[in-house]
Amino acid sequence: MPNSCNQGTCGTCKIKVRSGSVDHRTSPENTLPQHERVAGFALACQATPCSDTTIDPPIAEEPTSTHVLHDFVATVSEVRDIAADTRRVLLTLDEPLTFSAGQYVDITVPGTSTKRQYSLANPPTEPKLLELHVRRQPGGVASEWLFGPIEVGDRIDMTGPYGDFTFDEENTGPMALLGGGTGLAPLKASSVMRSR
Ligand code: FES
């Protein structure tokens, strides 16, 4: 089943319910507007079936990334405030990670089972280094750690790389990248690749 954010925000897992019914639970209106609910669509990462249910799976776009997904461990090597409520976290890997500019990784918040996704802000030319840009979310499990007790030397369980929003090295035409806040991270990675 194609999926990405697992939080109801990307729409990658949108399915058509052919028979039966589902509870949309916390599916956001932005990702699953009312007219799509009426038309029988649901977000597989949010909805739960209320009966035997038949679905049409999502029509996944051809993935542009073929990098193998890995579980790995990284060590925090730097934590620095780079803007109001935004931190840059550098992680050093034990083994190089093969990824494409624009991809993201999944982090398990130490001491919890909570996972959070962060785009990689650095290009894959530094395969043993990962740069994350993190915005403070008051009360957030990951935020409380990343803006609290995180320390250089902490070991972090991670999985990745994920994501198909990647820099196309074949495309040499003009490229306009727009992003705000920490949304700049994957664009920064791509722009570094383009400027090489
Ligand atoms: S995986 Fe992103 S909305 Fe379901």
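The values are calculated or read from the model by the stated rules, or taken from the named source; none is laboratory data. In this text, all values refer to a predicted model and were calculated from it rather than measured experimentally. With ideal geometry, Cβ positions are generated from the backbone for all residues, glycine too; neighbour counts draw on all protein chains shown.
Let's see how each residue does on (1) at pLDDT 90 or above; (2) assigned to a loop (DSSP other than H, G, I, E, B):
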site	(1), (2)
Ser4	no, yes
Cys10	no, yes
Arg18	yes, no
Glu29	yes, yes
Ile55	yes, no
Only residues that are loosely packed, with under 14 Cβ neighbours inside 10 Å and part of a helix (DSSP H, G or I): list them for the stretch 158-182, please. Gly181
Assuming His67 fulfils every condition listed in (1) in contact with a Cys (Cβ under 6 Å, 6 or more places away or on another chain); (2) away from the ligand (no atom under 12 Å from the Cβ) apart from one, which condition is it? (1)
When you check Ser100 against the structure, is it buried (at least 19 other Cβ atoms within 10 Å of the Cβ) and assigned by TED's automatic domain parsing to the domain that holds Leu130, yes or no? yes
For the stretch 1-27, which residues satisfy the criterion of being charged (D, E, K, R) and within 11 Å of the ligand (Cβ to nearest atom)? Lys14
Identify all residues within the stretch 130-179 that are within 15 Å of Ala101 (Cα to Cα), at pLDDT 90 or above and hydrophobic (A, V, I, L, M, F, W, C); write none if there are none. Leu130, Leu132
Tell me which residues, restricted to the stretch 123-143, are under 10 Å from Leu91 (Cβ atoms) and surrounded by 15 or more Cβ atoms within 10 Å (Cβ to Cβ). Leu129, Leu130, Glu131, Leu132
Can you tell me which residue is nearest to Thr12 (Cα to Cα) among those in the stretch 26-52 that are surrounded by 15 or more Cβ atoms within 10 Å (Cβ to Cβ), of a type in the set (S, T, N, Q) and in contact with a strand residue (DSSP E or B) (Cβ under 7 Å, 6 or more places away or on another chain)? Thr31
Checking Leu91 against (1) within 15 Å of the ligand (Cβ to nearest atom); (2) surrounded by 13 or more Cβ atoms within 10 Å (Cβ to Cβ), which single condition isn't satisfied? (1)
Tell me which of these Thr9 doesn't satisfy, since it passes every other one: (1) in contact with an Asp or Glu (Cβ under 8 Å, 6 or more places away or on another chain); (2) surrounded by fewer than 17 Cβ atoms within 10 Å (Cβ to Cβ); (3) β-branched (Val, Ile, Thr). (1)
Does at least one position in the stretch 66-77 carry a residue that is part of a strand (DSSP E or B), surrounded by 12 or more Cβ atoms within 10 Å (Cβ to Cβ) and among the small types (Gly, Ala, Ser)? yes
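Check whether at least one residue in the stretch 28-51 is basic (Lys, Arg) and within 16 Å of the ligand (Cβ to nearest atom), and report yes or no.
Yes, because at least one residue in the stretch 28-51 is basic (Lys, Arg) and within 16 Å of the ligand (Cβ to nearest atom).
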